[in-house]
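Comments concern the structure below.
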Amino acid sequence: MKTLIKISWRNIWRNRQRSLTMILAITVGLWGGLFAASIATGLMDQRFKTGVEQEFSHIQVHNPEFLRESHPRHGIANWDTLQNELSANDTVVAFSGRTLVSGMIASANMTQGVNLLGVNPQMEAQTSSLKINLKEGEYFKEDMLNPLLLGKSLADQMNVRIGSRLVITFQDLNNELISTSCRVSGIYQTANSAFDQRNIYLLQTDLNNYLGDTTIVTQAAMLLKDHKLSDDFSDSLQKKHPELNIRTWAEVSPQLAFYNEMGMTMFMIILFIILLALAFGLLNTMLMSVFERVKELGMLMSIGMNKKRVFVMILLETIFLSLSGAASGMAASYLTLLSLKDKGINLAPLGAGSLSEFGFEPVVYPQLEVSFFIFLTIMVVAAAILTGIYPALKALRLNPAEAVKAD
Amino acid sequence: MKTVIKTTNLEKVYNSSVAPVKAVNQVNLEFKEGEFTAIVGPSGSGKTTFLNLIGGLDKPTRGNVIIDDTDISSMKESQLFDFRLKHIGFVFQAYNLIPVLTAVENVSFVMLLQNRPKEEMEKRAKEMLEQVGLSDKINVRPNKLSGGQQQRVAVARALASKPDFVLADEPTANLDTESAFNLLDIMSKLNKEENITLIFSTHDQRVIDRARRVITLVDGAVSKDEYFDK
C-alpha cells in the first residue's frame with residue numbers, strides 16, 4: 001500500500017501543469033463557494049442574533065386574547081407567579097415584562113402610527129439590546145417627565161432631537177383616548193430600520209399609569225441559555241400554563257426561521273455546485289491521465305499488478321488530486337475568514353442600505369463552523385472516490401497484451 | 001533438464017466467426033530450464049501471440065500451456081495475474097518502466113508486489129543493477145537514462161524476482177547496435193549465472209546469432225526448431 005501511495009502521489013505530478021491547473025480550479029472553486037457560504041451564514045446568523053436580541057427574544061408569552069385584539073386589558077393574569085417561576089429557572093437567562101399598546105405619536109410637523117412599549121429599564125436592558133443600541137441621549141433619563149426612546153429613522157423622519165417634545169395618543173383600558181406629552185430621552189438604532197420606525201419605548205410605570213392599571217403586563221419576553229432549548233422550554237411552560245399563549249422565536253417570526261433554514265439550504269446548494277464542478281473537472285483529468293498511460297497500465301497488469309491494485313492506484317490519484325485542491329481551497333478560505341473576522345465586509349457601498357429594511361446589518365462578518373470544513377473534506381473525498389471509479393474501471397478494461405503495445 | 005513450459009496443440013484463432021485467422025497453429029513445444037531461445041519469423045507469423053499465450057496474457061482457442069505441471073490455459077483472469085507475478089518475467093520492446101520510480105524502485109517493483117521482505121528486495125535490486133552495469137544509476141528515474149540503460153533496468157526487473165522464465169518481446173528493436181550487443185551480453189551472462197530460461201521474439205539477427213535455440217514460426221506454425229552449440 002505504501003508503494004501504491006507513493007506511485008499515486010508521484011503520478012499526479014507527472015503532468016505538473018495539468019495537475020496544478022486542476023488543483024487551482026478546485027482551490028478557487030472551493031474558496032469562492034466557502035466565501036459565499038460564509039457570507040450567507042454571517043448574514044443569516046447576524047439576522048438571527050439581532051432578531052432575537054432586538055425583537056423577538058427566544059420565548060414570548062401573551063394572553064391569547066391579546067393576540068386577537070391587541071388590547072391592553074388582555075394582560076398576563078398571573079404575571080407575579082410566572083415572574084417567580086422564571087426567576088427560579090436556570091434555563092432562563094433574562095426576561096422582561098412589557099406593556100404593549102398601539103398608538104400615535106405626533107411632533108410639530110407630523111403624526112405617525114406606532115407601537116408603544118412600556119418597559120422596566122433594568123429588565124429590558126438584560127433581555128434585549130435596547131440599551132446597547134442607544135445612539136444618542138440617555139437610557140430613560142431619570143429627571144425627565146415621561147421619557148421615551150425612539151428609533152433613529154423615525155427621529156430623522158419627524159425631525160426631532162434629544163429633549164424634543166412629542167405627543168403620544170392611545171386608548172386606555174376603558175377605551176378612552178389619552179394624549180400625553182413626552183420628551184425624547186434617547187434615540188436608538190437597530191439593524192432593522194422598519195423596526196426603528198414603528199417602536200417607541202416608554203417607562204412601564206408611566207404607560208401603565210395612563211392606561212389606568214399599574215400592574216398590567218401584556219407580553220413577557222425571555223432569553224434562554226441556548227436558542228436550541230426554545231422548543232422544549234416552550235412545551236414545558238405551556239403545560240404548566242395552558243391559559244397562556246407561549247411561542248418560540250420561530251413561531252413569533254416564521255420569517256426568521258425561514259432565514260435560518262434558507263442559510264442551510266444555500267449552504268447545500270453551493271456545496272452541491274462546487275462538488276459537481278469538482279467532479280467533472282476531476283473526471284476529465286483522470287480520464288486523460290488513464291488514456292495517456294495505456295501502455296504503462298498494460299505493463300503493470302502484464303507483470304502481475306492485479307486489478308484491485310490498479311483500481312486503488314487510480315482512486316488514490318483522484319483522491320490526492322482533489323484533496324490537494326481541497327486543502328489549499330480550505331486554507332485560503334480559512335485565512336480569508338480569519339482576516340475578516342474582526343473587521344467584516346461593509347456592504348454599504350454595494351447598496352446594502354436596503355438590507356436594513358429587512359433587518360440585516362450593513363457590515364457582515366463571514367463565518368463558517370469548523371464542522372463545515374470537516375463535512376466538506378468528507379464530501380470532497382466522497383466525490384473524488386465516486387469520480388475516480390469510472391476512469392479506474394476504464395483502466396481495468398484494458399487488455400494487458402494489447403495495452404502494452406499501444407502507441 | 002527440467003521442462004519449464006510445454007505447449008500441446010496450441011491454437012489461437014482471431015475473428016473466428018467472420019474470417020478466421022490462425023495466429024498460432026498447432027504448436028507443440030517444450031522449453032527446458034536455462035534455455036536461451038529466440039522465436040523468429042516474419043511479421044504476422046504469430047511470434048507475439050505465442051509469447052502472449054505462454055505468458056498468460058492471452059488465452060488459447062484450443063490446446064494447452066503447461067508451466068511447471070500447471071495448465072494455465074484454464075485459469076481465471078485473477079489467477080493469471082497471480083501466476084504471472086510469481087512465475088514469469090517480462091521485458092518489453094519499449095522498455096516500459098514506471099516513470100515515477102527510480103531504477104532501484106523499478107527493479108524492486110515485482111518483488112514488492114510479491115510482498116518480499118524489504119531488506120531482501122533492496123539487496124537483490126541493487127545486486128541486479130550492478131549485474132547490468134547500472135550500480136551508479138540506482139536512484140535515477142527512467143527519463144534520465146538512455147534507451148539501452150532503460151532496457152537494462154527492465155531486464156534487471158524481469159530477473160530480480162527469479163521467475164521460472166523470462167519472456168522478451170523484441171527487446172533490442174529500439175536499441176542501437178552497441179546497446180543491443182551490450183544488452184545481449186548481459187542477458188546471456190544472466191541466463192548462465194541465474195539459470196533462468198529466456199525466450200525472445202525477434203527479427204534481430206544479432207539476437208538470433210546469440211540464441212542457443214531458434215524456433216521459426218511461419219503462419220503461426222513451427223517450421224523449424226534448431227539448437228546451436230554456443
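Which residues does the label zone of residue B:185 cover in the range B:138-153, counting backbone N under 18 Å from a point 7 Å along Cα→Cβ? Within reach of a label on residue B:185, which here means backbone N under 18 Å from a point 7 Å along Cα→Cβ, the range B:138-153 contributes B:146-153.
Mind scanning B:6/B:86; A:307/B:32; A:405/B:123; B:76/B:137; A:6/A:405 and naming the pairs with a C-alpha gap bigger than 29 Å? Show your work: numbers first, answer last.
Numbers: B:6/B:86 18 Å; A:307/B:32 31 Å; A:405/B:123 32 Å; B:76/B:137 39 Å; A:6/A:405 26 Å.
Over 29 Å apart, Cα to Cα: A:307/B:32; A:405/B:123; B:76/B:137.
Could you tell me whether the range A:60-140 comes out rounded, prolate or oblate from its Cα gyration tensor? Rule is a ≥ b ≥ c as square roots of the eigenvalues, rounded for a/c under 1.5, then prolate if a/b exceeds b/c, otherwise oblate. Oblate, since a/c reaches 1.5 and b/c is not below a/b. A crude spin-label estimate for the pair residue A:111 and residue A:85, with each label 7 Å from Cα along the Cβ direction, gives 4.2 nm.
Summarising the amide proton neighbourhood of residue B:166: residues at separation of 5 or more, or on other chains, whose placed amide H is nearer than 5 Å comprise B:89, B:197, B:198, B:199.
Per-residue Karplus couplings for the range A:191-199, computed as 6.51 cos²θ - 1.76 cosθ + 1.60 with θ equal to phi - 60°, are listed in order as 6, 10, 5, 5, 5, 4, 5, 10, 10 Hz, Gly and Pro entered as x. How tilted is helix B:177-194 with respect to the longest principal axis of chain B? Cα atoms for both, answer in degrees (0 to 90, nearest 10). That works out to roughly 90 degrees. With K and R counted +1 and D and E -1, the other residues having a Cβ less than 14 Å from that of residue B:124 yield a net charge of -2. Roughly how far apart, in whole Å, are the Cα centres of the range A:44-99 and the range B:36-108? Cα centres, the range A:44-99 to the range B:36-108: 83 Å.
Are there chymotrypsin sites (Phe, Trp or Tyr not before Pro) in the range B:194-230 that DSSP marks as loop and that have at most 15 other Cβ atoms within 10 Å, and which are they? Passing both the DSSP loop test and the Cβ count: B:228.
Percent relative contact order of the range A:64-243, based on C-alpha pairs within less than 8 angstrom and at least six residues apart?
Details: 341 pairs, mean separation 54.4, N = 180.
Reported as a whole number, the value is 30 percent.
Tell me the net charge near residue A:116. Cut-off is 11 Å between Cβ atoms, residue A:116 excluded, with +1 for each Lys or Arg and -1 for each Asp or Glu. Display every interim value, and only then the final one.
Numbers: positive: A:98, A:198; negative: A:206.
That works out to +1.
Length available on full extension from residue A:277 to residue A:264: 0.36 nm per residue minus the Cα-Cα distance, which gives 2.7 nm.
Rounded to the nearest 5, what is the percent of antiparallel bridges among the DSSP beta bridges in chain B?
Numbers: 21 of 39 bridges.
Bridges in chain B that DSSP calls antiparallel: roughly 55 percent.
In order along the range A:24-39, the Karplus-derived 3J(HN,Hα) couplings, from 6.51 cos²θ - 1.76 cosθ + 1.60 at θ = phi - 60°, round to 5, 4, 5, 4, 5, x, 5, 4, x, x, 5, 5, 4, 5, 5, 5 Hz, and Gly and Pro are given as x.
Between residue B:93 and B:169, the built amide H atoms are under 5 Å apart, and every one of these is 5 or more places off in sequence or on another chain.
Net charge near residue B:91, counting Lys/Arg +1 and Asp/Glu -1 over other residues with Cβ under 13 Å of its Cβ? Here the count lands on 0. For residue B:22, a cut-off of 17 angstrom between C-alpha atoms picks up these lysines, skipping any fewer than 8 places away in its own chain: B:12, B:47, B:59.
Using 19 Å as the cut-off for backbone N distance, which residues of the range B:182-210 belong to the label zone defined by a point 7 Å from the Cα of residue B:144 along Cα→Cβ? In the range B:182-210, the label zone of residue B:144 (backbone N under 19 Å from the point 7 Å along Cα→Cβ) covers no residue. Shown in residue order for the range A:139-148 are the 3J(HN,Hα) couplings computed by the Karplus curve 6.51 cos²θ - 1.76 cosθ + 1.60 at θ = phi - 60°: 7, 6, 4, 5, 8, 9, 7, 6, x, 9 Hz (x for Gly and Pro).
Any read-out appearing in this document is the output of simple, stated calculations on the displayed coordinates, not a laboratory observation. Predicted, not measured: the structure shown is a model, and the values here were computed from it. Every residue, glycine among them, receives a Cβ derived from its backbone with ideal geometry; neighbour counts consider all protein chains shown.
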